[in-house]
Amino acid sequence: MERIYHHRCLPFIGLDDFAFRKGNTYGTLICDLQTNNPVAILPDRLPETVTSWIKKYPSIEVVSRDGFAGYRQAITEANRSILQVYDRWHFIQNARKQLDSFLATMVPSSIRWTEQPKTPMKNPPPLTRLEQRIKNRQEQKWLFI
């Protein structure tokens, strides 16, 4: 049961799966990437179904898709000259996972912070007049508490 919303030249399309029923039945949504409108809803995400739909549109030049191997196979079988690109959402999600994995190996899981005991300087530099006034005010403030 394929629904076609309109026929026209489709140079750029996007493929993504969706759940008719979560965990059980998945379909394929095909969108025109120039208008961002849906073009077709396929009843499943089988490579054969997607391949036969793509073959009906020889004008397709670029397909944006996720990492699903079935889509990669279907596009290649339909037309090897079609450029396949990873869609932005899945690209960013995969890049974030890779970055998290990389950082997990580079950054320790916990960091211990220990302060070294302060040792007074043997000959501290003399305070300026302003620094001495500030120090005196602080000392006076703490006397009345």
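FYI, it's all coordinate maths here, none of it is from the lab. Please read all numbers here as calculations on a predicted model, not as lab measurements. For neighbour counting, all protein chains shown are included, and Cβ atoms are generated from backbone atoms with ideal geometry for every residue, glycine included.
For the reader, a short list of remarks on this structure follows.
- Listed by first and then second residue, the pairs linking a residue in the stretch 19-36 that is within 17 Å of Arg72 (Cα to Cα) to a residue that is assigned to a strand (DSSP E or B) and of a type in the set (S, T, N, Q), with Cβ atoms under 8 Å apart and 6 or more places separating them unless they lie on different chains, are Cys31/Asn37.
- Within the stretch 9-37, considering residues that are exposed (fewer than 12 other Cβ atoms within 10 Å of the Cβ) and assigned to a loop (DSSP other than H, G, I, E, B), the one nearest to the chain's Cα centre (by Cα): Asn36
- Some residue of the stretch 47-60 being of a type outside the set (Gly, Ala, Ser) and in contact with a Gly (Cβ under 6 Å, 6 or more places away or on another chain): yes
- In the stretch 18-52, the residue that is farthest from Val85 (Cα to Cα) out of those that are in contact with a Phe, Trp or Tyr (Cβ under 8 Å, 6 or more places away or on another chain) and of a type in the set (D, E, K, R) is Asp44.
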